[in-house]
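The values are calculated or read from the model by the stated rules, or taken from the named source; none is laboratory data. Remember, it's a predicted structure, so these values are computed and weren't measured experimentally. Note that each Cβ is placed from the backbone with ideal geometry, even for glycine, and that neighbours are counted across all protein chains shown. We work out accessible area using only protein heavy atoms, side chains counted, and drop any ligands, DNA or RNA first. Shrake-Rupley method; radii C 1.70, N 1.55, O 1.52, S 1.80 Å.
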Amino acid sequence: MATRHLIPGAAVTAAAALALSACGGGTDPGGSADDGEPSGEITVITQRTDIVDTVFMDYKERFEAEYPDVTVEFEALTDYEGEIAVRMNTADYGDVLLIPNSVTPDQLGTYFEPLGTVEELSEKYRLVEEKAYDGQGYGVSITVNTQGLVYNKKVWEAAGITDLPTTPDEFLDDLQAIADSTDAVPYYTNYADGWPLSQWDGNRGAMGDPEYQNTHVAHSDTPWAADEWHGISDGLLFDIVANGLSEEDPTTTNWEESKTLLGSGEVATMLLGSWAITQMQQAAEDAGASADDIGYMPFPYQVDGTFHAQVAGDYKNAINVNSEHKAAARAWIEWFAEESGYAYDEGGISPLVDGPAPETLGDFDAAGVEYVEMTPAPAGQEAYESEVVNTAEIDLYGNIYRQELVDVARGAADGDKESFFAELNQRWADARAAVGE
């Protein structure tokens, strides 16, 4: 995959988390990341297979000019989550890597070098608390994203749609209008690649409450109720598919192709983080269309007449606790956040507290979207939600249960929305009872 947004949380699948918990980091051979001058050869592992041989080579040249005693080599993984989980069963998982979803908060110190206290790091970097435990921060975001839907404006306009949908029902009506009056696929799930379906969890901020995940979700026995976030968001996904408003055969979707489909207007809409805007704009230009055809709308849900959008960190660069060149690894992490320009170029919000604002979110400004930064879990409860997730064996931040949802919605598996959500709620309630408050 080219890139993806990491939502606050700590598990993709229970199996992956359990696999990691059974292994461990090494014996800290490289000392502290603050020891000595940056030097040596470091391996940086990335998920950006699409730009590792181009843009990242420019980063390498610029970084090595500033740190002549350091040599940077890159390794790009296509299935980042799956491949890095296997690598982390050994000590050989690079010097700098992206903290995978499968690492729970209480495992961070086993695999990664602490970068400093959350309080210290937060003076310079945004959202450090997302990958922190016991007051220590372990990663710095490569970019900061907001959440919404990327769409082809020309297709929506051709369907006669002039106003942004403010409710899930209005959104469904708009997709139906696209189906009725254009040749475009109204919504594209990217089911086959899987990971894009995980993006549906990243819109909790649409509820307008920064405390939502500390008062609901793992603190509720019914997160798939009609008035709770997962009932609203997963319910919309279910209805899109059940109403025939997505691609005909989801098993044949393709992420890279989907960018061209949306850019050219063959697909109208996809729910993705704001990181996707620039990729879709480039795809539109490559297809002979205009980057201006690509728009970004908030999730179709308002609180007191206002749209809200969650702000959250993307993958976070971190140091392998086994690295022999931790000072060099830290230098790369700081340079990447502060000097590479990656976040701005990708249309993301800067990971720096005082960093530049992106130009790609003009549509959100016009819609009056209010950004919501979710409040971190209280001290001592950082791992609570992930414990419920793993006990329930529902990959809340992943794609497996949402692929099952799509299968039920399209009639390829038994059940209906009510039975599917009832089963999820039951498993969740049982997990909460087993974990305890």
Check off (1) hydroxyl-bearing (S, T, Y); (2) surrounded by fewer than 16 Cβ atoms within 10 Å (Cβ to Cβ); (3) under 18 Å from the mean Cα position of the chain (by Cα) for T90 and give me the number that stays unchecked.
-> (3)
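Looking only at segment 184-218, how many residues end up being of a type outside the set (S, T, Y) and without any contact (Cβ under 8 Å) to a residue 40 or more places away in the chain?
Initially, segment 184-218 is screened for residues of a type outside the set (S, T, Y), giving 184-186, 190, 192-197, 199-211, 213-214, 216-218.
Okay, now just the ones that are also without any contact (Cβ under 8 Å) to a residue 40 or more places away in the chain, so 216.
Total satisfying the criteria: 1.
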Residue ranges of strands (runs of 3 or more DSSP E) in segment 233-352 with at least 1 members at pLDDT below 95 and surrounded by 18 or more Cβ atoms within 10 Å (Cβ to Cβ) | 269-273, 306-313
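Conditions (1) free of Cβ contacts under 8 Å to residues at least 60 places away in the same chain; (2) out of contact with any His (no Cβ under 9 Å at 6 or more places or on another chain); (3) not small (G, A, S), marked per residue:
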position: D354; (1), (2), (3): yes, yes, yes
position: N399; (1), (2), (3): no, yes, yes
position: Q403; (1), (2), (3): no, yes, yes
position: D416; (1), (2), (3): yes, yes, yes
position: F421; (1), (2), (3): no, no, yes
Are there any pairs, at least 6 apart or on different chains, whose C-beta atoms fall under 6 Å, with the first in segment 49-66 and closer than 14 Å to G341 by Cβ and the second outside any loop (DSSP other than H, G, I, E, B) and among the aromatic types (F, W, Y), and if so, which?
-> F56/F74; F63/W335
Yes/no for N190 being of a type outside the set (S, T, Y), crowded, with 22+ Cβ neighbours inside 10 Å, modelled with pLDDT under 95 and assigned to a loop (DSSP other than H, G, I, E, B) = no
Of all residues in segment 210-232 being open to solvent by 50 Å² or more (accessible area, probe 1.4 Å) and of a type in the set (D, E), the one that is nearest to the chain's Cα centre (by Cα) = E211
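Considering only residues that are touching a residue at least 40 places away in the same chain (Cβ under 8 Å) and small (G, A, S), look in segment 138-158 and name the one that is nearest to D95 (Cα to Cα).
Taking the candidates together, the pick is G139.
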Count - residues of segment 365-399 that are more than 24 Å from A434 (Cβ to Cβ), surrounded by 18 or more Cβ atoms within 10 Å (Cβ to Cβ) and among the β-branched types (V, I, T) | 2
Answer yes or no as to whether E248 is closer than 19 Å to Q47 by Cβ, of a type in the set (D, E, K, R) and out of contact with any Asp or Glu (no Cβ under 9 Å at 6 or more places or on another chain).
-> no
Looking at (1) within 27 Å of A343 (Cα to Cα); (2) under 21 Å from the mean Cα position of the chain (by Cα), which is the one condition that is false for D286?
-> (2)
Does segment 62-74 contain at least one residue that is of a type outside the set (A, V, I, L, M, F, W, C) and under 24 Å from the mean Cα position of the chain (by Cα)?
-> no
Name the single residue, out of those in segment 132-161 being modelled with pLDDT under 95 and over 16 Å from T278 (Cβ atoms), that is least open to solvent (accessible area, probe 1.4 Å).
-> A132
Criterion (over 22 Å from the mean Cα position of the chain (by Cα), over 15 Å from F299 (Cα atoms), open to solvent by 20 Å² or more (accessible area, probe 1.4 Å) and of a type in the set (S, T, Y)) met by exactly one of T182, T167 = T182
Hits in segment 419-437 - residues which are open to solvent by 50 Å² or more (accessible area, probe 1.4 Å), assigned to a helix (DSSP H, G or I) and more than 16 Å from E404 (Cα to Cα) | Q426, D430, A433, A434
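What about T78, is it under 17 Å from L108 (Cα atoms), outside any strand (DSSP E or B) and out of contact with any helix residue (DSSP H, G or I) (no Cβ under 8 Å at 6 or more places or on another chain)? First the steps, then the outcome.
Values: under 17 Å from L108 (Cα atoms): no; outside any strand (DSSP E or B): yes; out of contact with any helix residue (DSSP H, G or I) (no Cβ under 8 Å at 6 or more places or on another chain): yes.
Judged against the criteria, T78 is not a match.
Quick check: anything in segment 36-49 in contact with a strand residue (DSSP E or B) (Cβ under 7 Å, 6 or more places away or on another chain), open to solvent by 60 Å² or more (accessible area, probe 1.4 Å) and at pLDDT 95 or above?
Filtering segment 36-49 down to residues in contact with a strand residue (DSSP E or B) (Cβ under 7 Å, 6 or more places away or on another chain) leaves 38-49.
Pick out the ones that are also open to solvent by 60 Å² or more (accessible area, probe 1.4 Å) and you get 41.
Still in the list and also at pLDDT 95 or above: 41.
Checking segment 36-49: at least one residue is in contact with a strand residue (DSSP E or B) (Cβ under 7 Å, 6 or more places away or on another chain), open to solvent by 60 Å² or more (accessible area, probe 1.4 Å) and at pLDDT 95 or above.
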In segment 279-335, what residues are among the polar types (S, T, N, Q) and closer than 20 Å to L108 by Cβ?
-> N317, N320, N322, S323
Going by the conditions given, is G398 over 25 Å from K131 (Cβ atoms) and in a loop (DSSP other than H, G, I, E, B)?
-> no
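Every residue, every condition in (1) under 28 Å from G205 (Cα atoms); (2) touching a Leu at 6+ places or on another chain (Cβ under 7 Å); (3) buried (at least 17 other Cβ atoms within 10 Å of the Cβ), yes or no:
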position	(1), (2), (3)
F74	no, no, yes
D106	yes, no, no
Y111	no, no, yes
K124	yes, yes, yes
Quick check: anything in segment 357-369 in a loop (DSSP other than H, G, I, E, B), β-branched (V, I, T) and at pLDDT below 95?
-> yes
